[in-house]
């Protein structure tokens, strides 16, 4: 029996043991549905942003050292007026472009026929067009899910609250994209104030940042801090890795979809999640605004995002597992979709993908990073290990359905 076949049998056996995961996960999730904002964890695959870290040469730093004998312990007062003015300016500029969002869902019991109730979620959004287009998170608008206990509908109604306006404006969902956690909605109102977008590729660690949104449904509020990291890799419960901006500006439930802005009041990110728990404080994350522009333009113009597509499911083979089954490190092909581009190629279940177009890959995330830089219709070449030999498989990329 070949290593590929032996691993395939073991994979099928192991995967049958994972059924309790969704059962255990969805019970606490239901309580979240009936609360405020549904923060379900980002699910995207945001394309990588270019790193913009500031590099310091220790030998070039000028450090002023005072004479210890002259230290009296008295510290001169430093005026914070400039910092305060910066925060006031940034807030004043962007506040008219930030909205509160309220979404209504129907939660239906799977045990009691006819039993259902309405649940609400709160979130935030950013006005990107004076004619009523609003950018927000997909997980606010599109929170449908199901379990053996219940089913959550798609958003039944979406309401938008403008700054200093208590009027609820019903919004239409223009498009949603689960992979990037981006959504666009629209209200029928003109002459709105669109936010000015900054350049998230030029964001530097340590610079001023302000998070603006609708925390806990209380209305628009601001929190400030600094940029803690850029191009920060965050892995969700399902194993998907995202590249985000990290900030210590407080982000709470309801801030999702709101703006992370710089000292000029320009939007550099979309607040999307935070880490919480014992020993965790001040770790919030935002989707870089540069990575949303093409997405929201496609959602507005087409209602969806067109992406290149191979049409396979795979699992990552690390060094330990690969050695156990005498396979190379790479991506084990679990399934070749019958209607996908790969079905017309020589790729087979049990193959191990080790590179794409000459770039070595060891995980599905790495494979997708290379693939997502291609265009629909491009041909890619996979290096594939099968039955002790390496061969090349060519696949013409299709459009993801």
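The table below lists the values:
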{"quantity": "Single condition residue 233 does not satisfy, out of (1) in contact with a helix residue (DSSP H, G or I) (Cβ under 8 Å, 6 or more places away or on another chain); (2) at pLDDT below 90; (3) more than 21 Å from residue 128 (Cα to Cα)", "calculated": "(1)"}
{"quantity": "Residue 244 under 30 Å from residue 378 (Cα atoms), out of contact with any helix residue (DSSP H, G or I) (no Cβ under 8 Å at 6 or more places or on another chain) and in a strand (DSSP E or B)", "calculated": "yes"}
{"quantity": "Selected residue (criterion: nearest to residue 274 (Cα to Cα)) from residues of the range 126-156 that are out of contact with any helix residue (DSSP H, G or I) (no Cβ under 8 Å at 6 or more places or on another chain) and assigned to a strand (DSSP E or B)", "calculated": "137"}
{"quantity": "Residue check, residue 367 buried (at least 20 other Cβ atoms within 10 Å of the Cβ) and either farther than 21 Å from residue 235 by Cβ or touching a helix residue (DSSP H, G or I) at 6+ places or on another chain (Cβ under 8 Å) (or both)", "calculated": "no"}
{"quantity": "Search result, residues across the range 279-307 that are in contact with a helix residue (DSSP H, G or I) (Cβ under 6 Å, 6 or more places away or on another chain) and surrounded by fewer than 20 Cβ atoms within 10 Å (Cβ to Cβ)", "calculated": "290, 305"}
{"quantity": "Unique residue being surrounded by 15 or more Cβ atoms within 10 Å (Cβ to Cβ), over 30 Å from residue 125 (Cβ atoms) and touching a residue at least 24 places away in the same chain (Cβ under 8 Å) when the list is 254, 265, 340", "calculated": "340"}
{"quantity": "Residue satisfying condition, being assigned to a strand (DSSP E or B), crowded, with 16+ Cβ neighbours inside 10 Å and at pLDDT 95 or above, within set 260, 273", "calculated": "260"}
{"quantity": "Criterion (not in a loop (DSSP other than H, G, I, E, B) and not assigned by TED's automatic domain parsing to the domain that holds residue 134) met by exactly one of 338, 355", "calculated": "355"}
{"quantity": "Residue list for the range 157-185, filter: more than 25 Å from the chain's Cα centre (by Cα) and assigned to a strand (DSSP E or B)", "calculated": "169, 170"}
{"quantity": "Tally, over the range 169-188, of residues that are surrounded by fewer than 17 Cβ atoms within 10 Å (Cβ to Cβ) and modelled with pLDDT of 95 or more", "calculated": "3"}
{"quantity": "In the range 139-149, the residues that are buried (at least 21 other Cβ atoms within 10 Å of the Cβ) and modelled with pLDDT of 80 or more", "calculated": "139, 140, 141"}
{"quantity": "Odd one out for residue 327 among (1) surrounded by 17 or more Cβ atoms within 10 Å (Cβ to Cβ); (2) free of Cβ contacts under 8 Å to residues at least 60 places away in the same chain; (3) assigned to a loop (DSSP other than H, G, I, E, B)", "calculated": "(2)"}
{"quantity": "Test: residue in the range 361-370 that is over 22 Å from residue 241 (Cα atoms), in a loop (DSSP other than H, G, I, E, B) and touching a residue at least 24 places away in the same chain (Cβ under 8 Å)", "calculated": "no"}
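The values are calculated or read from the model by the stated rules, or taken from the named source; none is laboratory data. Remember, predicted model here, so these are calculated numbers, not experimental data. Note that each Cβ is placed from the backbone with ideal geometry, even for glycine, and that neighbours are counted across all protein chains shown.
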